[in-house]
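Below: one structure, written as structure tokens.
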Amino acid sequence: MKAAPRSKPASQTQPKQSALRVAFDTPVLLAALLRNDASAKAMRASWQAGTCRPVIAKASAQALMMALAYPGFALNAAQQQELLADFLPYAEVLPTPASAVRQDKLGFLSPAMQELLAAAGERLNVLVSDTKPTMPAATRRGGGMSSVLNCRILASDEFLAAL
């Protein structure tokens with residue numbers, strides 16, 4: 001798979017004061033970084049323009065790096081670094097939390113995403129995930145898991161429409 005062309009950081013735009021603090025799950029990030037369609041471009045533009053402030057924790061950064069190294073993507077080390085450079089400079093790296101999120105409530109999420117959500121705590125506005133188990137209608141509309149996560153859960157198309 002060919003990597004999407006790297007955009008030029010506009011002096012690495014600082015996020016706007018009202019920028020949403022957003023956690024992107026790994027598949028959403030991969031789609032935004034690897035594809036070059038309108039949705040992927042809009043997703044990248046959202047953090048590059050400072051419309052949103054992505055947050056990432058050590059485990060989720062490692063998951064992203066491991067995913068980019070997947071042999072099926074056929075990306076060499078330089079291409080992987082270039083794709084990471086399209087995201088990581090815009091992301092706020094959170095410290096590893098002292099305690100994990102209760103897995104009985106968030107067991108449908110990967111351990112890396114659980115760590116990220118625990119690290120973000122109350123400071124997270126939106127979780128962007130296209131994973132079906134995380135997207136029941138009640139959850140997307142403000143009930144269910146949103147109260148456990150203390151943030152809205154949006155599919156990538158919903159997130160883009162809300163910008």
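Which net charge results when you count Lys and Arg as +1 and Asp and Glu as -1 among the other residues whose beta-carbon is under 14 Å from that of residue 120? Don't jump to the answer; show the numbers that get you there.
Values: positive: 21, 53, 58, 123, 152; negative: 25, 92, 115, 122.
Net local charge, residue 120 excluded: +1.
Please give the length that would be gained between residue 38 and residue 18 if that part of the chain were fully extended, namely 0.36 nm times their separation in residues minus their C-alpha to C-alpha distance (nm, one decimal).
4.8 nm
So if R0 is 41 Å, what FRET efficiency would residue 150 and residue 74 give, r being the distance between their Cβ atoms, rounded to the nearest 0.05?
Computed FRET efficiency for residue 150 and residue 74 comes out at 0.60.
Given R₀ = 25 Å, what would the calculated FRET efficiency be for residue 81 paired with residue 161, taking r from the Cβ atoms and rounding to 0.05?
0.20
I'd like the FRET efficiency for residue 45 and residue 96, computed as 1/(1 + (r/R0)^6) with the beta carbon distance as r and R0 of 30 Å, rounded to 0.05. Spell out each step's value before the answer.
Working: r = 30 Å, r/R0 = 0.99.
Result of the calculation: an efficiency of 0.50.
Would you grab the residues whose amide H sits under 5 Å from the one on residue 57? Only those 5+ places off in sequence or on another chain, please, with H modelled 1.01 Å from N.
Under 5 Å from the amide H of residue 57: 94.
Values quoted throughout were computed directly from the atomic coordinates according to the rules given, and no laboratory measurement underlies them. Every value quoted in this text rests on a predicted model; they were computed, and no experiment measured them. Positions of Cβ are backbone-derived with ideal geometry, glycine not excepted, and every protein chain shown enters the neighbour counts.
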